[in-house]
Amino acid sequence: MKNWLMNRLGRRRNEQLDCHAVGELLQQYLDDAIDEDRSRLIAAHLEDCRRCGLEAETYEQIKRTLATRRAEVPEESVDRLREFGRGLIQGDEPSTP
């Protein structure tokens, strides 16, 4: 089990992360709440993978927009944003109102 986890998180030397692993760690990476080794691997993946790079840019844009609109973001909005992100990670199609 430990080897599997280390492989998923890119702990082996010269190993790259796949899109799913990056998706699981993306929020932590964007919040600077991840260790340096994994941060480096995620940054490399985001440079190489258009889909994940666009997802990261979208998250960053949403965070900037929310930061300029209100001093405090309602917890309900944060929960909806997290659920949206989980759906993207799982490959779900965005729902339309």
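The values are calculated or read from the model by the stated rules, or taken from the named source; none is laboratory data. Everything quoted here is computed from the prediction, not taken from an experiment. Positions of Cβ are backbone-derived with ideal geometry, glycine not excepted, and every protein chain shown enters the neighbour counts.
Within the stretch 16-47, take every residue that is of a type in the set (S, T, N, Q) and under 10 Å from the mean Cα position of the chain (by Cα) and give me the one that is farthest from Tyr59 (Cα to Cα). Let's see the steps before the verdict.
Initially, the stretch 16-47 is screened for residues of a type in the set (S, T, N, Q), giving 16, 27-28, 39.
This time we only want the ones that are under 10 Å from the mean Cα position of the chain (by Cα), so: 27-28.
Numbers: Gln27: 8, Gln28: 12 Å.
The extreme case among them is Gln28.
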Taking the stretch 75-91 as the region of interest, how many residues are under 17 Å from Ala21 (Cβ atoms), part of a helix (DSSP H, G or I) and not β-branched (Val, Ile, Thr)? 4
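Ala33: of a type in the set (Gly, Ala, Ser), in contact (Cβ under 8 Å) with a residue 24 or more places away in the chain, surrounded by 10 or more Cβ atoms within 10 Å (Cβ to Cβ) and within 19 Å of Leu17 (Cα to Cα), yes or no? Please lay out each step first, then the result.
Working: of a type in the set (Gly, Ala, Ser): yes; in contact (Cβ under 8 Å) with a residue 24 or more places away in the chain: no; surrounded by 10 or more Cβ atoms within 10 Å (Cβ to Cβ): yes; within 19 Å of Leu17 (Cα to Cα): yes.
No, not satisfied.
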Filter pass, Ala56 being at pLDDT 85 or above, part of a helix (DSSP H, G or I) and under 17 Å from Leu30 (Cα atoms): yes
